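One structure below.
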Amino acid sequence: MTERVLPLVVRIERAAPPRRTDALEAAAAAVPRLLDHAENRAENSAEDGDEWSGEIAEWQDGRIRKVVRRARGAEWRRALALPGITVTVGTAEVRVHPPVPLDDWPRDLARLQVSGTDLEDDAVPPEPGPGDVVLWVNPRLTMTAGKAMAQAGHGAQFAWWGAGEADRAAWRGRGFAVRVRTAGAGRWDALAGSGLPVVRDAGFTEIEPGSATVVADAPWLRVGVPDL
């Protein structure tokens with residue numbers, strides 16, 4: 001089986017970089033958008049279902065690795081020309097591409113930089129609503145925006161896996177909107193021990209292997225989970 005990785009490209013123009021939270025939420029929403037796209041095409045037409053379905057199935061059978069790269073100007077336009085889906089949240093644009101072999105990226109993606117994703121927010125994001133899909137980030141870890149985007153993508157994938165058909169339909173109706181927030185220390189400890197899905201990093205970059213990075217929280221994941 002070919003080991004695959006999911007490429008996520010964030011647009012970072014020098015004069016107008018996106019807000020960090022917008023970028024994290026766009027990356028997170030991009031993952032269920034891609035999975036839903038592939039699943040719906042497979043259900044609607046056997047021929048259409050061939051688009052990306054094999055790559056996505058092979059990737060989901062493995063380690064669901066995600067790599068975030070940045071692009072601007074002509075780089076971004078070249079990324080747009082490749083197969084994929086673009087998600088816009090606030091100030092951020094993120095393009096997700098079908099999974100590629102770990103050691104055989106398309107040239108226009110392979111040439112993009114991983115570094116340089118140190119984004120910031122210019123205001124404190126609002127508290128999520130009770131019906132939102134929320135990805136809670138570990139407050140005790142320091143991650144670049146690119147690293148955090150990949151972790152948020154993992155959390156959104158866990159939420160997708162845990163959703164039934166009705167849950168997915170309702171989420172689809174909201175454009176697969178996701179809220180990404182850094183939890184306070186006390187809230188994080190409660191969330192991490194609640195039974196909700198926890199993302200644990202493989203430790204390839206930035207943080208120690210096995211570090212708990214994100215807790216996925218959604219109405220359908222809270223069945224049997226105590227109030228937090």
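If you scan the range 105-116, which residues turn out to be surrounded by 12 or more Cβ atoms within 10 Å (Cβ to Cβ) and in a loop (DSSP other than H, G, I, E, B)?
Trp105, Pro106, Arg111, Leu112, Val114, Gly116
Find the strands (runs of 3 or more DSSP E) located wholly in the range 124-228 whose residues include 1 or more that are over 29 Å from Pro17 (Cβ atoms) and touching a strand residue (DSSP E or B) at 6+ places or on another chain (Cβ under 9 Å), and list them.
198-200
May I ask you to list pairs of residues, at least six apart or on different chains, whose Cβ atoms are under 9 Å apart, with the first in the range 145-174 being without any contact (Cβ under 8 Å) to a residue 12 or more places away in the chain and the second being surrounded by 24 or more Cβ atoms within 10 Å (Cβ to Cβ)?
Taking only residues 6 or more apart or on different chains, the pairs are Arg174/Val133.
Among the candidates Gly62, Gly162, which residue alone is under 16 Å from the mean Cα position of the chain (by Cα) and open to solvent by 20 Å² or more (accessible area, probe 1.4 Å)?
Gly162
Filtering the range 203-221 down to residues that are more than 16 Å from the chain's Cα centre (by Cα) and of a type in the set (A, V, I, L, M, F, W, C), which residue is surrounded by the most Cβ atoms within 10 Å (Cβ to Cβ)?
Leu221
Could you grab the pairs with beta carbons closer than 6 Å, sequence gap of 6+ or different chains, first residue in the range 208-228 and closer than 25 Å to Met149 by Cβ and modelled with pLDDT of 95 or more, second one of a type in the set (Val, Ile, Thr) and surrounded by 14 or more Cβ atoms within 10 Å (Cβ to Cβ)?
Between residues of the range 208-228 that are closer than 25 Å to Met149 by Cβ and modelled with pLDDT of 95 or more and residues that are of a type in the set (Val, Ile, Thr) and surrounded by 14 or more Cβ atoms within 10 Å (Cβ to Cβ), the close pairs are Ala212/Val198; Thr213/Val199; Val214/Val137; Val214/Val199; Val215/Val198; Asp217/Val134; Ala218/Val133.
Restricting attention to the range 81-118, report how many residues are among the aliphatic types (A, V, I, L, M) and free of Cβ contacts under 8 Å to residues at least 24 places away in the same chain.
Looking only at that region, the number is 1.
Could you tell me whether any residue of the range 173-182 is farther than 22 Å from Ala71 by Cβ, open to solvent by less than 30 Å² (accessible area, probe 1.4 Å) and in contact with a Phe, Trp or Tyr (Cβ under 7 Å, 6 or more places away or on another chain)?
Scanning the range 173-182, I find at least one residue that is farther than 22 Å from Ala71 by Cβ, open to solvent by less than 30 Å² (accessible area, probe 1.4 Å) and in contact with a Phe, Trp or Tyr (Cβ under 7 Å, 6 or more places away or on another chain), so the answer is yes.
When the range 5-33 is examined, which residues are found to be over 10 Å from the mean Cα position of the chain (by Cα), more than 20 Å from Glu75 (Cα to Cα) and crowded, with 24+ Cβ neighbours inside 10 Å?
Thr21
Going by what's in this entry, would Leu119 be described as in a loop (DSSP other than H, G, I, E, B) and crowded, with 19+ Cβ neighbours inside 10 Å?
yes
The values are calculated or read from the model by the stated rules, or taken from the named source; none is laboratory data. Note that the coordinates shown come from a computational prediction; the quantities given were computed from them, not determined experimentally. Cβ sites come from the backbone with ideal geometry, for glycine too, and all protein chains shown count toward neighbours. When the accessible area is computed, the model is the full protein with side chains, heavy atoms only, and any ligands, DNA or RNA have been set aside. Shrake-Rupley method; radii C 1.70, N 1.55, O 1.52, S 1.80 Å.
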